[in-house]
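What follows is a short report on a single structure.
Readers should treat all values here as calculations from the given coordinates under stated rules, not as data from a laboratory. Values in this document were obtained by computation on a predicted structure and should not be read as measured data. When we count neighbours, we look across all protein chains shown, and the Cβ atoms used for this are built from the backbone with ideal geometry, even at glycine.
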Amino acid sequence: MTYPVVDDEGLRLDALRALQIVDTPRTAAFDTIAELAADIFACPIAFISLLEKDRQWFKAECGLGVSETPRSVAFCNYTVLGADPFIVEDALEDPRFVDSPLVTGELGIRFYAGVPITLGSGHRIGALCVSDRRPHRFLANDIERLQQLGKLADAAVAAHAQSVRAAALARDFAEQAQLLWKKS
């Protein structure tokens, strides 16, 4: 299965790597957002995914039971193409997904709604998503609520980025202090 990528895919991947977030331990902030999404939309599956070159990794998930999937099967490939929410009300009626192992396999996903997680640079690195094993209608107010939760996911990623920068500054400061200490 082939999948679409954004025109600046290399820059998008560089921005994701710079965050140093992939393969980090689960955290309450991200888990809470996924759990809220599942509750608000009464969906058994919700997750925050980050799209690397060849895999979709889940920073948070409820109802999936896996930590990653091949990127080639990720609905989120379509979500990161633009700023708007990406909705698939019935995957069995969508030619892009009808043969996907996420649809035909054990997960049996029929419904997907996702909003991109967007950095301050504008790069869309992943998505906040809800899914179900049955089709759903997703109304305008549902889209608005998902977008609001997406802003929380954006903020959690920004907070992670700030903590990475703060840790780097602290290391630099400690190294400089060590050098000054040795000179005196």
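Peptide packing for 90-97, 115-122 was compared via the average number of neighbouring C-beta atoms within 10 Å per residue; ordered from the highest value, the list is 115-122, 90-97.
The mean sequence distance of close C-alpha pairs (under 8 Å, at least 6 residues apart), as a share of the length of the stretch 40-84, puts its relative contact order at 31 percent.
Within the stretch 36-145, all pairs of alpha-carbon atoms sorted by distance into 10 Å bins from zero give the percentages 15, 52, 30, 2.
From its DSSP helices (H runs of at least four residues, each -39,500 (n - 2.57)), the chain gives a residue-normalised ellipticity at 222 nm of -13500 deg cm²/dmol. Over all other residues within a Cβ to Cβ distance under 13 Å of residue 45, the charged ones net out to -2, with Lys and Arg as +1 and Asp and Glu as -1. P(r) tail for the chain: Cα pairs beyond 21 Å make up 49% of the total. Of all lysines in the structure, the ones whose alpha carbon falls short of 28 Å from that of residue 151, not counting any fewer than 8 places away in one chain, are 53, 59.
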